[in-house]
Structures are given as C-alpha cells and as structure tokens.
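Enquirer: The structure under discussion is supplied below as structure tokens; questions concerning it will follow.
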Amino acid sequence: MMSNAFAAVLAASLLVQFVQEEEVTMNDMHPYVGLWVTLDGQIRHELLPNNRYVEARGTRERAYEGRYQVTGTHIDYWDDTGFTADGEFIDDVLHHGE
C-alpha cells in the first residue's frame, strides 16, 4: 500500500516538473516559430515552439526531425540521426545550408 502512494507522489512530481519545463520553453518562444517553405515548395521546415523541428522534402512529410536553437537571427540544427546544419533569417527569409 505504501509503495502505491509513493509511486503516485513520484508520478505527480515528474508531471509537474515536465509542465514547468514546457512553460519555460513556451515563454522563451522566438519570432521564427512556424512553417518555412522554399519558393518551389519542395522543402518545408516546421519550427515547433518546443525547439524541435520537422522537415518535409517533396512527398516525404517527415524526412528529418531534430532539435534546433535560435540565437538572434542564427539557427543551428541537430537532427536525430546526428546530422548538423545552420542558417540565418534575413529579411523574413530563412537561408539554410548555403
């Protein structure tokens, strides 16, 4: 009986910690969150508010996924397979991997 109560308290504290961490991420949201699409529509980067991204290429909707960090107008990417890339936001255009 005592172990069930401990497990419930532990689970509740972990849930609260996760919610608090998510709130910090949401409060630190930068202006670039959203969908960025190349002019030909072939590459689509969705920058999520939790500092994760999903990249679609052509008909592959989830071609790459990973995390990103924005510092000023610079963006660094680390995809889940270990590939890294970066880019710059210039005049409302994301220049990526140039």
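The values are calculated or read from the model by the stated rules, or taken from the named source; none is laboratory data. Please read all numbers here as calculations on a predicted model, not as lab measurements. Cβ placement follows ideal geometry from the backbone for every residue including glycine, while neighbour counts extend to all protein chains displayed.
Enquirer: Which of the residues that make up the range 52-62 are of a type outside the set (Asp, Glu) and closer than 21 Å to Val93 by Cβ?
Expert: Tyr53, Val54, Ala56, Arg57, Gly58
Enquirer: Restricting to the range 35-56, and then to whatever is surrounded by 14 or more Cβ atoms within 10 Å (Cβ to Cβ) and of a type in the set (D, E, K, R), can you tell me which residue is nearest to the chain's Cα centre (by Cα)?
Expert: Checked the range 35-56; the qualifying residue nearest to the chain's Cα centre (by Cα) is Arg52.
Enquirer: Oh, and also: Quick one: which of Tyr32, Tyr64, Tyr77 is assigned to a loop (DSSP other than H, G, I, E, B), modelled with pLDDT of 90 or more and surrounded by 14 or more Cβ atoms within 10 Å (Cβ to Cβ)?
Expert: None of the other options fit; the residue is Tyr32.
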